[in-house]
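In what follows, a single structure is set out as structure tokens and then discussed.
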Amino acid sequence: MLRGVFALGAVVCFLGACALVMALFMVRFVPPRYVARFVPEPLQGYFRSAPVELPTPSAPHVAAALLTPVPLVTRSISQSVTPSASPSATAVVSQPTSTPASAPRPTLTLTPVPFPGPTQAARSTPAALDSATVLLTGFRHVFQTWNNCGPANLTMGLSYYGWKGAQADAAAVLKPDPEDRNVNPDEMAAFARSQGFQAMVRVNGTLDLLKALLRAGFPPIVEKGFEPEEKLGWMGHYELVIGWSDATREFIVMDSYLGPNQPVSFDDMDKYWRQFNRTYIVIYKPEQAETLSKIIGGEMDDATMYQNALARAQAELAANDQDAFGWFNLGTNYAALQMFNESVAAYDQARRIGLPWRMTWYQFGWFEAYLAANRLDDVIALADVTLKNDPYAEEMYYYKGLVFQKRGDVNAARGQFELALKHNPNFARAKQALGILGP
């Protein structure tokens, strides 16, 4: 009898141990938003795997030659811009301004555009603010839901122009999978156009440019690095810039994570903004197009903008050649100018120095460059590491599909494109790639 009790106890212990192992295995598959929302913080570590760092390249080191300076196309930022009419929604669809990676190398247009005349106060409060302080009003602040800073910032930016939608409306189109970590600037601009506005995405912004946009009544959305809590580590983030003060040397932003009217020092703005090649989005009305064009000037032309951004990255690397973000920006600008050999060499150097493991979530110029340079193993390596950290990243399946397509494995390519669309049925590039393959 006693022997039977011991045997039963052993079986119960074994089954309990198996159940515990199975439970620990299964918790890895609980969607992160449920972990963050329902699991006590001390236990959340059991639900997460340690992040996998990005692989270093095996290519030889050839980066030094990339720092030979290129000409800088001079541009000035108007400090006296006539504001446009009060914003309201007007139906119009404009064409995207980015240069596709497959296009021929653009011809550089270097003629600067003149800026307009007299100063007037931007729409601000109070009316007595001087020329060194501007604060735009009329926004509806939105705190982001899980991984929703893109739709939340877009909602705040559109609210300035009278849009009544919610972040859930934008998210339903931009990231149908709630676990999707990222919405690209071009996708945000396309959504704004679909709602009856115009929008453009540019890079190589400056602090003076942000001020000029604000003075004219354009609140830009900036894409930047973000380190709100040490435990979370580095990540990408959007912020809606609504004002600035030269007296305190701060911008004022609507932050979907931290709250409304957050101060950001000039130094911190540029430090984190440059980690995304100083990308910004401007939403505007059709009648504001000419005013906006005069503010941005010659950099309305893609080739001019990227050549200037390239020269700027070179100058920053001349001051600090161990700057991984600088090398990454250099690679991105070379890629945009269709100089793919130089681009991959710069990206290689950024990887050797070391980039944050979340970098592949947000910026995809290096995938385009490695594909164009036929460095297909690098594309697969970066995509696979990303998917270990974030299995919801539809872009990674798309780029793996392009690799298989280049290698002639049509069925594998089709499978990857279908996985991309499973995570985001609205992913236009994956739809197009799947359509090219046919049934």
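Does region 358-376 contain at least one residue that is over 23 Å from LYS224 (Cα atoms), modelled with pLDDT of 95 or more and acidic (Asp, Glu)? The answer is no, given that none of the residues of region 358-376 is over 23 Å from LYS224 (Cα atoms), modelled with pLDDT of 95 or more and acidic (Asp, Glu).
Considering region 299-324, and only residues there that are without any contact (Cβ under 8 Å) to a residue 60 or more places away in the chain and not in a loop (DSSP other than H, G, I, E, B), the residue that is nearest to PRO356 (Cα to Cα) turns out to be ALA324.
Restricting region 357-378 to residues that are closer than 17 Å to ARG429 by Cα and assigned to a helix (DSSP H, G or I), the residue that is nearest to the chain's Cα centre (by Cα) is TRP361.
Among the residues that make up region 355-368, is at least one of them crowded, with 20+ Cβ neighbours inside 10 Å, among the hydroxyl-bearing types (Ser, Thr, Tyr) and within 25 Å of LEU232 (Cα to Cα)? Checking region 355-368: at least one residue is crowded, with 20+ Cβ neighbours inside 10 Å, among the hydroxyl-bearing types (Ser, Thr, Tyr) and within 25 Å of LEU232 (Cα to Cα). Of all residues in region 226-248, those that are within 14 Å of the chain's Cα centre (by Cα) and touching a residue at least 60 places away in the same chain (Cβ under 8 Å) total 7.
The values are calculated or read from the model by the stated rules, or taken from the named source; none is laboratory data. Keep in mind that what you see is a predicted model, and the values were worked out from it rather than measured. Positions of Cβ are generated from backbone atoms using ideal geometry, with glycine treated the same way; all protein chains shown enter the neighbour counts.
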